[in-house]
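Since the structure comes first, as structure tokens, the remarks are kept for the end.
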Amino acid sequence: MTHPLHDPPLSESDPVIASLIRSEDERQRDKLRMIPSENYASRAVQEACGSSLNNKYSEGYPRKRYYEGQQFIDPIEEAARDRIKALFGVEHANVQPYSGSPANLAVYFAFCKPGDTVMGLGLPHGGHLTHGWSVSITGSYFKSVAYSVRRDDHRIDMEEVARLAQQHRPRLLFCGGTAYPRSWDFAAFAAIAKDVGAILVADIAHISGLVVGGAHPSPVGHADIITSTTHKTLRGPRGGMILCGAAHAAAIDKAVFPGLQGGPHEGNIAGIAVAAKEAATEGFRAYAHQVVANAKALAAAMTDRGYSLVSGGTDNHLLLVDLTAQNISGKKAAKALDLAGIELNYNSVPYDPRKPFDPSGVRLGTPALTSRGLDEKHMEMVAGWFDRAVKGAEDESALAAVAAEVKRLLADYPAPGLLT
Ligand code: DSN
């Protein structure tokens, strides 16, 4: 048997995996990463996640654990909770959910019985699977009602939300989404929820960084429960969280543990603490505003080139482009753009006549490229590259030429977390 103290670095112990990670580092360095739910976590966040904390079990909550040895784990989780509470201005934060979907599931478990009615924005209109969509457990175990965006301007139809809420009287009303380029009117949702006695859940996974940076209105004071991931615009580690007032704290904590999860991932919780400290700075505020300014500049440059944007533009970090007029499917365009060094995802557009696995649109956003320091002046270039890649989708050498230009620009804008 190998001596237990023989503890070589990854490059020696598993060169295959080490080399794949190095290649992924390079890919993230050389490409314009425009999947709107992705970002670059800082080196400090990544260090906190990849530490001895991975070795520890800590079922329970600070000062109420089922395992010994929590002398350093408790203050770490307390710091994460306190910093998140201060950042968002809420009374209670649970930072244990493994990601956004478990965070949402814990909310169901806290407040619903199977068969209860829930309401959320339909997935094809920009909602999330866990807001009651049919293929998700939330659409199977609960009676779910979907609201939509209007056909003409692609904005949420608040009259429809009010009418459906009156008709179905949901236990949970979700607001928030993954492909909605416009601001959420949390006050209007709160009024509807109050009218029908629903619990309003704001899922701000995509926009939580914009909210704390003051670049999107906050749901605090409107929503009963707020859920989020921690790795999107917030720039933290993979993780989730649930925020609420003191009145719901016990129900939420009980639903997360022991209701849904076992041992929390304290390495990631340490990463959340570090990210919350970073997000409380003036620099992060400027970042959040720049994300939106970049998205707006990109929307204008894309529109100038004849692209049709869902809802006509954006208020946040993302754009949804309908490629019907360009006569290319979203999937074909996404694959060509990837070869051209622009990474995004194909996506349904509202009322899409095509199937979700080969839809009419692509979704792209500015959080990651803004983390590298790109600003409005670069968005004209990005739109130009996008256009060349879509028009040259069949021409491999044209796509490679764009990829080389992308890489040249990015060489001057190092990515956080990949500097070494
Ligand atoms: N996968 C996330 C996104 O890309 O928006 C949502 O969960």
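If only one of Pro264, Pro181 is open to solvent by less than 10 Å² (accessible area, probe 1.4 Å), touching a residue at least 40 places away in the same chain (Cβ under 8 Å), closer than 20 Å to Asp74 by Cα and part of a loop (DSSP other than H, G, I, E, B), which one is it?
Values: Pro181 fails: closer than 20 Å to Asp74 by Cα.
Unique residue meeting the criteria: Pro264.
Select from region 23-46 the residues that are surrounded by 13 or more Cβ atoms within 10 Å (Cβ to Cβ) and charged (D, E, K, R) and write down the one among them that is nearest to the ligand (Cβ to nearest atom).
Of the residues in region 23-46, the ones surrounded by 13 or more Cβ atoms within 10 Å (Cβ to Cβ) are 25, 28-46.
Add one more test, that the residue is charged (D, E, K, R), and what stays is 25, 29-31, 33, 38, 43.
Numbers: Asp25: 21, Arg29: 21, Asp30: 21, Lys31: 17, Arg33: 12, Glu38: 8, Arg43: 24 Å.
Here the residue is Glu38.
Out of curiosity, is Gly209 in a helix (DSSP H, G or I), under 22 Å from Arg81 (Cβ atoms), in contact with a helix residue (DSSP H, G or I) (Cβ under 7 Å, 6 or more places away or on another chain) and within 16 Å of the ligand (Cβ to nearest atom)?
Values: in a helix (DSSP H, G or I): yes; under 22 Å from Arg81 (Cβ atoms): yes; in contact with a helix residue (DSSP H, G or I) (Cβ under 7 Å, 6 or more places away or on another chain): yes; within 16 Å of the ligand (Cβ to nearest atom): yes.
Spelling it out, Gly209 is indeed in a helix (DSSP H, G or I), under 22 Å from Arg81 (Cβ atoms), in contact with a helix residue (DSSP H, G or I) (Cβ under 7 Å, 6 or more places away or on another chain) and within 16 Å of the ligand (Cβ to nearest atom).
Mind checking which residues of region 113-152 are away from the ligand (no atom under 16 Å from the Cβ), open to solvent by less than 30 Å² (accessible area, probe 1.4 Å) and not in a loop (DSSP other than H, G, I, E, B)?
Here is the first cut: in region 113-152, the residues away from the ligand (no atom under 16 Å from the Cβ) are 113-119, 134, 140-152.
This time we only want the ones that are open to solvent by less than 30 Å² (accessible area, probe 1.4 Å), so: 117-119, 142, 145, 147-149.
Answer for region 113-152, where residues must be away from the ligand (no atom under 16 Å from the Cβ), open to solvent by less than 30 Å² (accessible area, probe 1.4 Å) and not in a loop (DSSP other than H, G, I, E, B): Thr117, Val118, Met119, Val145, Tyr147, Val149.
This table checks each residue for (1) in a loop (DSSP other than H, G, I, E, B); (2) more than 26 Å from Cys244 (Cα to Cα).
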residue	(1), (2)
Glu47	no, yes
Ser58	yes, no
Tyr67	yes, yes
Gln70	yes, no
Ile76	no, no
Asp82	no, no
Val90	yes, no
Ala93	no, no
Gln96	yes, no
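Residues to consider are Tyr346, Tyr351; find the one that is in contact with a strand residue (DSSP E or B) (Cβ under 7 Å, 6 or more places away or on another chain) and over 21 Å from Tyr40 (Cβ atoms).
Selected residue: Tyr346, the only one of Tyr346, Tyr351 that is in contact with a strand residue (DSSP E or B) (Cβ under 7 Å, 6 or more places away or on another chain) and over 21 Å from Tyr40 (Cβ atoms).
From Val390, Val310, Val321, Val362, which residue is surrounded by 17 or more Cβ atoms within 10 Å (Cβ to Cβ), away from the ligand (no atom under 16 Å from the Cβ) and not basic (Lys, Arg)? Can you show your working first?
Numbers: Val310 fails: away from the ligand (no atom under 16 Å from the Cβ); Val321 fails: away from the ligand (no atom under 16 Å from the Cβ); Val362 fails: away from the ligand (no atom under 16 Å from the Cβ).
Sole residue among the options that is surrounded by 17 or more Cβ atoms within 10 Å (Cβ to Cβ), away from the ligand (no atom under 16 Å from the Cβ) and not basic (Lys, Arg): Val390.
Looking at (1) open to solvent by 20 Å² or more (accessible area, probe 1.4 Å); (2) under 17 Å from Asn294 (Cα atoms); (3) assigned to a helix (DSSP H, G or I); (4) not β-branched (Val, Ile, Thr), can you tell me which one Trp385 breaks?
(1)
So Phe357 passes all but one of these: (1) open to solvent by 20 Å² or more (accessible area, probe 1.4 Å); (2) more than 22 Å from the chain's Cα centre (by Cα). Which condition number does it fail?
(2)
Please find, among Asp375, Asp387, Asp412, Asp352, the residue that is in contact (Cβ under 8 Å) with a residue 60 or more places away in the chain and over 27 Å from Asp152 (Cβ atoms).
Working: Asp387 fails: over 27 Å from Asp152 (Cβ atoms); Asp412 fails: in contact (Cβ under 8 Å) with a residue 60 or more places away in the chain; Asp352 fails: over 27 Å from Asp152 (Cβ atoms).
Criteria check complete, one pass: Asp375.
The values are calculated or read from the model by the stated rules, or taken from the named source; none is laboratory data. The shown structure was predicted, so the numbers you read here are calculated from the model rather than taken from an experiment. Heads up, the Cβs are rebuilt from the backbone with ideal geometry, glycines too, and the neighbour counts pull from every protein chain shown. Calculation scope for accessible area: heavy atoms of the full protein, side chains included, ligands and nucleic acids excluded. Shrake-Rupley method; radii C 1.70, N 1.55, O 1.52, S 1.80 Å.
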